[in-house]
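Beneath this line is the structure, given in structure tokens, with notes to follow.
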Amino acid sequence: MITVTNVGLRYGDRKLFEDINLKFTPGNCYGLIGANGAGKSTFVKILSGEIEPQTGSVSITPGERLAVLKQDHFQYEEEEVIKVVIMGHTRLYEIMQEKDAIYMKADFSEEDGMKAAELEGEFAELNGWEAESEAAILLKGLGINEDLHAKKMAELSGSEKVKVLLAQALFGKPDVLLLDEPTNHLDIKAIQWLEEFLINFENTVIVVSHDRHFLNKVCTHIADLDFAKIQIYVGNYDFWYESSQLAQKMAQDANKKKEEKIKELQAFIARFSANASKSKQATSRKKLLDKITLDDIQPSSRRYPFVGFSPEREIGNDLLRVEGLSKTIDGVKVLDNVSFIMNKNDKIALVGRNEIAKTTLFKILAGEMEPDAGTYKWGVTTSQAYFPKDNSEYFDGCDLSLVDWLRQFSPKDDSESFLRGFLGRMLFSGDEVLKKASVLSGGEKVRCMLSRMMLSGANVLLLDEPTNHLDLESITALNNGLINFKGSLIFASHDHQFIQTTANRIIDVTPKGIIDKEMTYDEYLENDQIQKQMEEMYA
């Protein structure tokens, strides 16, 4: 168990935390949420001991071990992969090093023998004889094959290093596990494996993530960082979101009878309890949900931007025809004979392991790159708006204020009042609209790019990883905006829930062409025949 007592922290005039008192108990997974900049990662660093709070303290039950997902991907460049994983249990790895040093002595003494025997006893108690096999199982589950286990970290790709560091945090069944954005750079199979691991993990987990599907799968509680406080709620992310919206509705309707509110709350809880995921967490979660009272639910200070795309003209039946597109980049063929027809009302999710391949296809369809072979043709009734993964060319060195930056893309109304009102709905208020475009944060730039697309009136949207850099509130707003969009779109995202709720067609871009299916993302992932086809196409 990890206990937080009266923790407070300020940076200058800014108050991040004040009088935080919490207990994180075994058997539960806590999703730590909060707006961008609220201090989630800082709080995790306080829990891990990396940062000292200005007031209060953090304590762990004596004898328990805490593990943290490391963020420095270049920390172990000269170390073997399997050893890096075992390093996650510091004491076990120290014993292994001490033992090896003693046994390598040329003048092995009786005293050395006694020390070695003592170390062997502790080694066995810590399950040391199973260390390498456990590390190998973790690595394999995350997609790191055995041929990489003896290699040095420097020989691995960036995404492979992320997986090794995640295996390091999970190694040795830590009593408290701190994970800051563990799904970043993971493929869908690795994320699914991690979900199952955490569902069955019996100790304490505290996780920060922008992946709503992941939070819904693994979390028994949500720790909401708001107003410099942290409030813990029973249930997963969707339950927290729906209950906070319900609380706001109740707060706005103060004249409604309390009995009616209680009935609404009971119906709401019953619905969520019935839909709980099939895991051992679900039973205990349901019991806790049933105990919630009206006073347990508090309104949130969260602000959600308005994201709505309105096509200026109705789209026809002839949208896009792609025939035999191929492209080689730096000697590697990333697109190989890609052909498909886009139909009216299609909302296509591009998935696949090769990020460059998907981005290349977007650039070709947006007219920013020429294919080596093949053709594509947009229908005469279509107009396209493109969201690139890399938006730096729109902002780097730009001295325009935010309102003047947006004025460039407002074909109908470029008045000050209209642009300020539009930016206000995207959470830029007051003097924020006078900031230079070049100094915006990653999330602010994304909101600006979405504003640009909304002003275009396009009836076909191309979005390459639009959820990158966004907080959960903005992701939810964008998700809802695309669900309600009356045109067609092609998009790529790593957000499972975003894909599942938006797409009605999946195109998997593989090294040997595409797999094209009209179905939801979950149906695609669960179809055994498609899985076999994917394995053949990626082999």
Unit charges on C-beta of K, R, D, E only; dipole of the chain, Debye
2420
What does the accessible area per residue of the stretch 185-224 come to in Å², with a 1.4 Å probe and no ligands, DNA or RNA counted?
30
Name the residue from Gln71, Leu92, Val81 whose Cα lies farthest towards the positive end of the charge dipole of the stretch 59-101, charges +1 on Cβ of Lys and Arg and -1 on Cβ of Asp and Glu.
Leu92
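At a 1.4 Å probe radius, carbon and sulfur cover how many percent of the accessible area of the stretch 175-217?
On the way: 610 of 1350 Å².
Carbon and sulfur together cover 45 percent of it.
What FRET efficiency would be calculated for the residue pair Glu518, Ser383, taking the C-beta separation as r and a Förster radius of 22 Å, to the nearest 0.05? Walk me through the intermediate numbers first.
Numbers: r = 24 Å, r/R0 = 1.10.
Rounded to the nearest 0.05, the efficiency is 0.35.
What pairs from Lys163/Lys333; Lys83/Lys151; Lys83/Lys163; Lys347/Lys486 go past 21 Å between their alpha carbons?
Numbers: Lys163/Lys333 26 Å; Lys83/Lys151 10 Å; Lys83/Lys163 14 Å; Lys347/Lys486 10 Å.
Beyond 21 Å between Cα atoms: Lys163/Lys333.
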If I model a spin label at Asp399 and Arg91 as a point 7 Å from the Cα along the Cα→Cβ vector, what separation in nanometres do I get?
6.2
DSSP-assigned coil residues among GluC sites (Glu not before Pro) in the stretch 1-102, each with at most 13 further Cβ atoms within 10 Å
Glu50, Glu77, Glu78
By how many degrees, between 0 and 90 and to the nearest 10, does the Cα long axis of helix 258-274 differ from the longest principal axis of the chain?
70
How large is the Rg to Rh ratio of the chain when both quantities use alpha carbon positions and Rh follows Kirkwood?
1.00
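Rounded if a/c is under 1.5, else prolate if a/b is larger than b/c, else oblate: which is the stretch 490-539, with a ≥ b ≥ c the root eigenvalues of its Cα gyration tensor?
Details: a/c = 2.05, a/b = 1.53, b/c = 1.34.
Because a/c hits 1.5 or more and a/b exceeds b/c, the stretch 490-539 counts as prolate.
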I'd like the orientation of helix 416-425 relative to the chain: the angle between its Cα long axis and the longest Cα principal axis, in ° from 0 to 90, rounded to 10.
40
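Out of the trypsin sites (Lys or Arg not before Pro) in the stretch 1-66, which ones are loop residues according to DSSP with at most 13 other C-beta atoms within 10 Å? All intermediate terms of the calculation are to be shown ahead of the outcome.
On the way: sites: Arg10, Arg14, Lys15, Lys23, Lys40, Lys45, Arg65; in loops: Arg65.
Hits after loop and neighbour filter: nothing returned.
So if R0 is 22 Å, what FRET efficiency would Thr61 and Asn6 give, r being the distance between their Cβ atoms, rounded to the nearest 0.05? Walk me through the numbers on the way to the answer.
Values: r = 19 Å, r/R0 = 0.85.
After rounding to 0.05, the efficiency reads 0.75.
Normalised by the residues of the chain, what does the relative contact order come to in percent, with Cα pairs under 8 Å and at least six apart?
Numbers: 902 pairs, mean separation 75.9, N = 539.
Averaging sequence separation for qualifying contacts and normalising by length gives 14 percent for the chain.
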Along its three principal axes, how long is the stretch 1-155 when you only count alpha carbons? Whole Å, largest extent first please.
61, 37, 32
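Give me the accessible area per residue for the stretch 375-480, probe 1.4 Å, as a whole number in Å².
Details: 4280 Å² over 106 residues.
Each residue of the stretch 375-480 exposes 40 Å² on average to a 1.4 Å probe.
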Enumerate the calculated ³J(HN,Hα) couplings along the stretch 71-76 in order (Karplus 6.51 cos²θ - 1.76 cosθ + 1.60, θ = phi - 60°), each rounded to whole Hz, writing x wherever the residue is Gly or Pro.
9, 7, 6, 10, 6, 10
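In square nanometres, what is the average projected area of the Cα convex hull of the stretch 438-539?
Working: hull surface 31.0 nm².
One quarter of the hull surface, i.e. the mean projection, equals 7.7 nm².
I'd like the carbon and sulfur percentage of the solvent accessible area for the stretch 309-364, probe radius 1.4 Å, heavy atoms only, ligands and nucleic acids excluded. The partial results should precede the final answer.
Numbers: 1110 of 2660 Å².
Its accessible area is 42 percent carbon and sulfur atoms.
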Between the stretch 443-460 and the stretch 146-161, the Cα center-to-center distance that results, in Å
39
Counting only chymotrypsin sites (Phe, Trp or Tyr not before Pro) that sit in a DSSP loop (anything but H, G, I, E, B) with at most 12 other Cβ atoms within 10 Å, what is the longest stretch of the chain containing none of them?
109-539
The stretch 383-499 - percent of accessible surface contributed by carbon and sulfur, probe 1.4 Å:
47
Accessible surface, per residue, of the stretch 1-69 when the full set of protein chains is kept, probe 1.4 Å, Å²:
47
Surrounding net charge for Gly457, when Lys and Arg each add one and Asp and Glu each subtract one, Cβ distance under 14 Å
+1
Lys pairs in the stretch 358-420 with Cα under 20 Å (8 or more apart in sequence, or on separate chains) total 4
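Where Lys and Arg each count +1 and Asp and Glu each count -1, what net charge lies around Gly487 among other residues with Cβ under 11 Å from its Cβ?
Details: positive: Arg313, Lys344, Lys347, Lys486; negative: Glu312, Glu314, Asp346.
Its environment carries a net charge of +1.
Helix-derived [θ] at 222 nm for the chain: sum -39500 (n - 2.57) over DSSP H runs of at least 4, divide by residue count, nearest 500?
On the way: 20 runs with 214 residues, N = 539.
The helix-only estimate for the chain comes to -12000 deg cm²/dmol at 222 nm.
The values are calculated or read from the model by the stated rules, or taken from the named source; none is laboratory data. Note that this is a predicted model, so its numbers are computed, not measured. Neighbour counts are summed over all protein chains in view; Cβ atoms, including those assigned to glycine, are modelled from backbone coordinates with ideal geometry. Only protein heavy atoms, including side chains, enter the accessible area calculation; ligands, DNA and RNA are left aside. Shrake-Rupley method; radii C 1.70, N 1.55, O 1.52, S 1.80 Å.
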